[in-house]
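*Asks:* Below you'll find the structure I mean.
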Amino acid sequence: MELYEMTAAQLSEKLESKEISSCELTQAVIDRINSVDGKVKAYLTVNAEEAIEQAKAVDNKRISGEKLPKLAGIPIGIKDNISTKGIKTTCASKMLENYVPPFDATVIEKIKASDMVLLGKLNMDEFAMGSSTENSYFNVTHNPFDLDKVPGGSSGGSAAAVSAREAIVALGSDTGGSIRQPSANCGVVGLKPTYGSVSRYGLVAFASSLDQIGPIGKSVKDVAMVQDIICGRDKMDATSAVREYTSIADSLTGDVSGVKIGIPNEYFGEAIDDDVKTAVMNAVHELEKAGAKVCEISLPSAKYALPAYYIISSAEASSNLARFDGVRYGYRAKDYTDLVDMYEKTRSEGFGSEVKRRIMLGTFVLSSGYYDAYYKQAKLMQRKIAGEYKAAFNEVDVIATPTAPFTACKIGQNIDDPLKMYACDICTVTVNIAGLPAVSLPCGMDRSNMPVGLQLIGDSFCEDKILGAAYAYEKLIGGFAAPTL
Amino acid sequence: MDIDIRHIAKLSRLKISDDEFAKFENEMKGIVDMVNTLPQLGEDLAIDENNVMQLRQDIAETGKFTRDELFQNAPQVKAGCLVVPKTVE
């Protein structure tokens, strides 16, 4: 087995026992990027020289006998909307094509403090708006399981890089499914943590009340190990929760006996592909055979999550993206007559179509005369949905659903139909609306041999329960399939 | 439902060209129809007491960045200041 094919947990042991060095490992992953990224196109920036320097520094620390964190020396890829000091952070937008942050996001400070190696920055839908990574200003990323298909989005570069073994683990961000849906499409594990458990400081804001950074990995344990590093209270993010965290990775036992799994029938309707339903229910039955208790539950307002999500997220996006005005950073139009003309031309030339649609929807739902009918009602629906989940978690430990209604689409298939693209998110947006944690993990293939994702949703700050069940499933089936490239 | 795309674009500080207008209007109508499926719950939106934020003290931290670092991404800088078109006659 090549080094780049191994999990972070396996590599961590090899590094600790000095069987391999971080330099060897990092070079192996960079060689892998050089050999397959021409096909996959997951990276926007590869930080090769600095990555090797970081790896050398970690190796030196280890040689000198310093006690290092568990993931020290493991290379990680970062979604390009997470600020990295001195490394371009473009949000896959013309608006930020040349933007170099003068500071690190809190999660990057934590990654660096854990001596992990920053491989580079990963492609995404522009400003994280989209479900296919086709909205990137720079290039389309290809699904490693079928290069003619999309990787999903918006963290499509992160999921594709892990799937193609071009990164050992990666960070993504999830506002309506942007970690879980591409993880499902690319056959990897992706965690959207509880809102408030990971600092958003340095994440370029899309919808601040829904955005959450989270890990993507080849195994459940890898995802748990990265989550253990990035979680925690941060005074730079007022919405980060004030609480202590215990290690999730250490809590994984593989025992699922007595765990109560709820199946909400609202997530298995006619919009969901039959192969997806079958794969998800087969996975649930595996867990049941291993001792989990399965019951049906109801989340009646789930069907309203999509409109509520598009109202809330677009409203917040229209405010957050007002900062891109061509004055302090980013793109500025070349010719203009006055200040307003400069704003309008800068924004019209700098933003892509999907970003413009969301800004306009957000502006509309917040505009005079419409606020009560849209934004206020969406916030009320958000409370109602969160309440239904809360009640469900009095009965069950984990809720199992499909991650996405269908497997990866062909490149170009939905790009001209925003509503079809939005429908990709029907199974994931509810979780962001309710602020809950959820993991997507591979649970088999559909008829076209594309990976299907199982979503496990937990109560707030119960990442240990969902990752516990996910880990049990991974053990039961003996691991997840890799693509052939 | 009819929405005035030109007015919304103006509020959004975006220009929609004549070529794109029909397509944009059509797409926006579809999206607004989708969000219109949200029912009216007709309750009051009280502050959610389960989600109270802890704000940090508003104390300026100096020395974290130099002025040059903060201006390194600005499109136009002159004499240590951001340059914008004239706004007052």
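*Asks:* Considering only protein heavy atoms, with the full assembly of protein chains and a 1.4 angstrom probe, order A:Asp417, A:Asp237, A:Asp459 by accessible area, largest first. The partial results should precede the final answer.
*Replies:* Values: A:Asp417 60, A:Asp237 10, A:Asp459 35 Å².
These residues rank, largest area first, as A:Asp417, A:Asp459, A:Asp237.
*Asks:* Give A:Lys277/A:Lys384; A:Lys70/A:Lys149; A:Lys56/A:Lys192; A:Lys88/B:Lys78; B:Lys10/B:Lys78 a once-over and call out the pairs whose C-alpha atoms are over 28 Å from each other. Walk me through the intermediate numbers first.
*Replies:* On the way: A:Lys277/A:Lys384 26 Å; A:Lys70/A:Lys149 35 Å; A:Lys56/A:Lys192 32 Å; A:Lys88/B:Lys78 24 Å; B:Lys10/B:Lys78 30 Å.
From A:Lys277/A:Lys384; A:Lys70/A:Lys149; A:Lys56/A:Lys192; A:Lys88/B:Lys78; B:Lys10/B:Lys78, over 28 Å: A:Lys70/A:Lys149; A:Lys56/A:Lys192; B:Lys10/B:Lys78.
*Asks:* Does segment A:135-257 come out rounded, prolate or oblate by the C-alpha gyration tensor, with a ≥ b ≥ c the root eigenvalues, rounded set by a/c under 1.5 and, if not, prolate when a/b is larger than b/c and oblate if not?
*Replies:* Numbers: a/c = 2.40, a/b = 1.27, b/c = 1.88.
Oblate, since a/c reaches 1.5 and b/c is not below a/b.
*Asks:* Next question, about the same structure. Would you mind telling me the share, in percent, of accessible area of chain A contributed by carbon and sulfur at probe 1.4 angstrom? Before the final figure, lay out each step's value.
*Replies:* Details: 7680 of 15930 Å².
The computed percentage sits at 48.
*Asks:* Here is a further query. For the pairs A:Lys39/A:Lys61; A:Lys390/A:Lys420; A:Lys110/A:Lys465, flag any whose C-alpha to C-alpha distance is greater than 32 Å.
*Replies:* Numbers: A:Lys39/A:Lys61 36 Å; A:Lys390/A:Lys420 30 Å; A:Lys110/A:Lys465 24 Å.
The pairs that break the limit, which is 32 Å between Cα atoms, are A:Lys39/A:Lys61.
*Asks:* Taking Cα pairs under 8 Å and at least six residues apart, what relative contact order does segment A:76-123 come out at, in percent?
*Replies:* RCO, segment A:76-123: 47 percent.
*Asks:* In peptide A:338-346, what is the residue-averaged number of other protein chain Cβ atoms found within 10 Å of each Cβ? Don't skip to the answer; put the middle values down first.
*Replies:* Details: counts 4, 4, 4, 2, 4, 5, 6, 3, 2.
Rounded to a whole number, the mean comes out at 4.
*Asks:* Can you sort A:Lys70, A:Lys192 by solvent-accessible area, 1.4 Å probe, largest first? Walk me through the numbers on the way to the answer.
*Replies:* On the way: A:Lys70 120, A:Lys192 0 Å².
Result, largest first: A:Lys70, A:Lys192.
*Asks:* Between A:Ile74, A:Val100, A:Thr84, whose Cα lies farthest towards the positive end of the dipole of segment A:68-127 when Lys and Arg beta carbons carry +1 and Asp and Glu beta carbons carry -1, centred on the Cα centre?
*Replies:* Most positive-ward Cα: A:Ile74.
*Asks:* What percent of all Cα-Cα pairs in chain A falls in each 10 Å bin, counting up from 0?
*Replies:* 4, 22, 33, 27, 11, 3, 0, 0
*Asks:* I would also like to ask the following. Would you work out if segment A:281-432 is rounded, prolate or oblate? Take a ≥ b ≥ c from the square roots of the eigenvalues of the alpha-carbon gyration tensor; rounded if a/c is under 1.5, else prolate when a/b is larger than b/c, oblate otherwise. Don't skip to the answer; put the middle values down first.
*Replies:* Details: a/c = 3.17, a/b = 1.99, b/c = 1.59.
Here segment A:281-432 falls in the prolate category.
*Asks:* Take every DSSP beta bridge with both residues inside segment A:75-206 and express the antiparallel ones as a percent of the total, to the nearest 5. Write out the running numbers ahead of the final one.
*Replies:* Details: 3 of 11 bridges.
The antiparallel fraction comes to roughly 25 percent.
*Asks:* If you take every DSSP beta bridge fully contained in the protein assembly as shown, what fraction is antiparallel? Give it as a percent rounded to 5. Could the numbers behind the result be given before it?
*Replies:* On the way: 32 of 47 bridges.
Counting DSSP beta bridges with both partners in the protein assembly as shown, the antiparallel share is about 70 percent.
*Asks:* Could you work out how much longer the chain between B:Glu43 and B:Asp19 gets when fully extended? Use 0.36 nm per residue separation minus the Cα distance between them, nm to one decimal.
*Replies:* Working it through step by step, the gained length comes to 4.4 nm.
*Asks:* Now for a separate question. Please list B:Cys81, A:Cys443 from largest to smallest accessible area, probe radius 1.4 Å, with all protein chains kept in place. Please list the in-between numbers first.
*Replies:* Details: B:Cys81 65, A:Cys443 5 Å².
Output order, biggest surface exposure first: B:Cys81, A:Cys443.
*Asks:* Dipole of the protein assembly as shown, Cα-centred, from +1 at each Lys and Arg C-beta and -1 at each Asp and Glu C-beta, to the nearest 20 debye?
*Replies:* Details: 62 positive and 78 negative charges, 169 e Å.
The dipole magnitude comes to about 820 debye.
*Asks:* Taking Cα pairs under 8 Å and at least six residues apart, what relative contact order does segment A:123-229 come out at, in percent? Could the numbers behind the result be given before it?
*Replies:* Working: 253 pairs, mean separation 25.0, N = 107.
It comes to 23 percent, rounded to a whole number.
*Asks:* What whole-number distance in Å separates the alpha-carbon centres of segment A:186-218 and segment A:243-316?
*Replies:* Each part's Cα centre sits 18 Å from the other's.
*Asks:* Explain nothing, just the number: relative contact order of chain A, from Cα pairs under 8 Å at least 6 residues apart, as a whole percent.
*Replies:* Working: 1170 pairs, mean separation 85.7, N = 485.
This gives 18 percent for chain A.
*Asks:* Roughly how big is the A-B contact, given as buried accessible area in Å² (both sides, 1.4 Å probe, nearest 100)?
*Replies:* Values: alone 18340 and 9510 Å², together 22810 Å².
Chain pair A/B: roughly 5000 Å² of buried accessible area.
*Asks:* Would you mind checking the pairs A:Lys303/B:Lys15; A:Lys85/A:Lys235; A:Lys41/B:Lys86; A:Lys293/A:Lys379; A:Lys121/A:Lys334 and listing those with alpha carbons more than 31 angstrom apart?
*Replies:* A:Lys303/B:Lys15; A:Lys41/B:Lys86; A:Lys293/A:Lys379
*Asks:* Taking the Cβ-Cβ separation of A:Ala482 and B:Asp68 as r and a Förster radius of 41 Å, what is the calculated FRET efficiency to the nearest 0.05?
*Replies:* Values: r = 46 Å, r/R0 = 1.13.
My answer for the efficiency is 0.35.
*Asks:* When a/c is below 1.5 the answer is rounded, else prolate if a/b is larger than b/c, else oblate, so apply that to chain B with a ≥ b ≥ c taken from the square roots of the Cα gyration tensor eigenvalues. Could you put the intermediate results ahead of the total?
*Replies:* Details: a/c = 3.26, a/b = 1.28, b/c = 2.55.
Judged from the Cα gyration tensor, chain B comes out oblate (a/c at least 1.5, b/c at or above a/b).
*Asks:* Something else about it: If I model a spin label at A:Lys56 and A:Glu288 as a point 7 Å from the Cα along the Cα→Cβ vector, what separation in nanometres do I get?
*Replies:* Between A:Lys56 and A:Glu288, the label points sit 5.8 nm apart.
*Asks:* Distance from the Cα centre of segment A:340-367 to that of segment B:29-89, in angstrom?
*Replies:* Here the two parts' Cα centres lie 15 Å apart.
*Asks:* Something else now. In deg cm²/dmol and to the nearest 500, what is the mean residue ellipticity at 222 nm of chain A if only DSSP H runs of at least 4 residues count, each as -39500 (n - 2.57), divided by the residue total?
*Replies:* Details: 15 runs with 179 residues, N = 485.
Result for chain A: -11500 deg cm²/dmol, rounded to the nearest 500.
*Asks:* Given only helices, namely DSSP H runs of n ≥ 4 each adding -39500 (n - 2.57), what is the per-residue ellipticity at 222 nm of chain B, to the nearest 500 deg cm²/dmol?
*Replies:* Details: 3 runs with 30 residues, N = 89.
Estimated from H runs of four or more residues: -10000 deg cm²/dmol.
*Asks:* A further question on this structure: Can you compute the charge dipole magnitude of segment A:268-405 about its Cα centre, using +1 on each Lys and Arg Cβ and -1 on each Asp and Glu Cβ, nothing else charged? Give it in debye, rounded to the nearest 20.
*Replies:* On the way: 18 positive and 19 negative charges, 112 e Å.
Here segment A:268-405 has a charge dipole of around 540 debye.
*Asks:* Given points 7 Å out from each Cα along the Cα-Cβ axis, report the A:Ser208 to A:Lys303 separation in nanometres with one decimal.
*Replies:* Placing both labels 7 Å beyond Cα along the Cβ direction yields 3.5 nm.
*Asks:* Right, something else. Rounded to the nearest whole Å², what accessible area per residue is found for the protein assembly as shown with the 1.4 Å probe? Kindly include the intermediate steps, with their values, before the conclusion.
*Replies:* On the way: 22810 Å² over 574 residues.
That works out to 40 Å² for each residue.
The values are calculated or read from the model by the stated rules, or taken from the named source; none is laboratory data. The model shown is predicted, which means the values in this text are computed figures rather than measured ones. Note: ideal-geometry Cβ built from the backbone for every residue, glycine included; neighbour counts use all protein chains shown. The protein model used for the area step is the full one, side chains on, heavy atoms only, and it has no ligands, DNA or RNA in it. Shrake-Rupley method; radii C 1.70, N 1.55, O 1.52, S 1.80 Å.
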